[in-house]
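Let me begin by presenting the structure, written as structure tokens, before commenting on it.
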Amino acid sequence: MSSRKKQRLTVRIENDFAVVSLEDMEIWDGADLALLREALTALIERDGYRAIGVDLSAVKYIPSGFFGMLFEWYEQGMRIRLDAPQKNVEQMLWFRMFFVRQPDETFLLTDERMRNNTPNEQVEFHRREFMADVESNDEEEIEEHIKSVRFGVRSTERIG
């Protein structure tokens, strides 16, 4: 890990949250994610923090592994907060499903809306929450879209 990258990582303490920032990193790669994991793990294991946050103010793209990493800690009883995400980050599926805006404009990780749902209930949740902006009222078209999302298949219909 380069010392240049280490210098970009900062930690600030706000109330009981230790908040990590990769400062001006707009697009995270695997090395950035590893650095972030290392810093958060040290805050949790060495320093004993039970509430961690990540400042996303500069971030335009996040690897999906980031959300998986946070969710693992959440399941172990950690409180997880994200600060100042840009709109494109807020639109990511994991973000929309598991982060809830707080009065102080931070976002807390919670699985309350999804907890104990069957797979079919999760699909219905996905339809209700994330497809409301679909302009078509054609139920068959919506059902095909859900199947493509759920099973990773595309329609065989040719366009053009």
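Every number in this text was worked out from the coordinates using simple rules, so none of it is lab data. What you see is a predicted model; the values in this text were computed from it and never measured. Heads up, the Cβs are rebuilt from the backbone with ideal geometry, glycines too, and the neighbour counts pull from every protein chain shown.
Tabulated values for the structure
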item	result
Length released on extending from residue 13 to residue 96, taking residue separation times 0.36 nm less the Cα-Cα span	27.3 nm
Label-point separation in nm, residue 71 to residue 57, each point 7 Å along Cα→Cβ	2.9
Ranked 87, 60, criterion: other C-beta atoms within 10 Å, fewest first	87, 60
Cβ crowding within 10 Å averaged over residues, with 45-52, 62-69, 33-40 ranked highest first	33-40, 62-69, 45-52
Residue 34/residue 84 FRET efficiency (R0 30 Å; Cβ-Cβ; nearest 0.05)	0.85
Fewest-first ranking of 11, 100, using other Cβ atoms within 10 Å as the exposure measure	100, 11
Region 1-103: equivalent-ellipsoid semi-axes (sqrt of 5 x gyration tensor eigenvalues, Cα, Å)	19, 18, 13
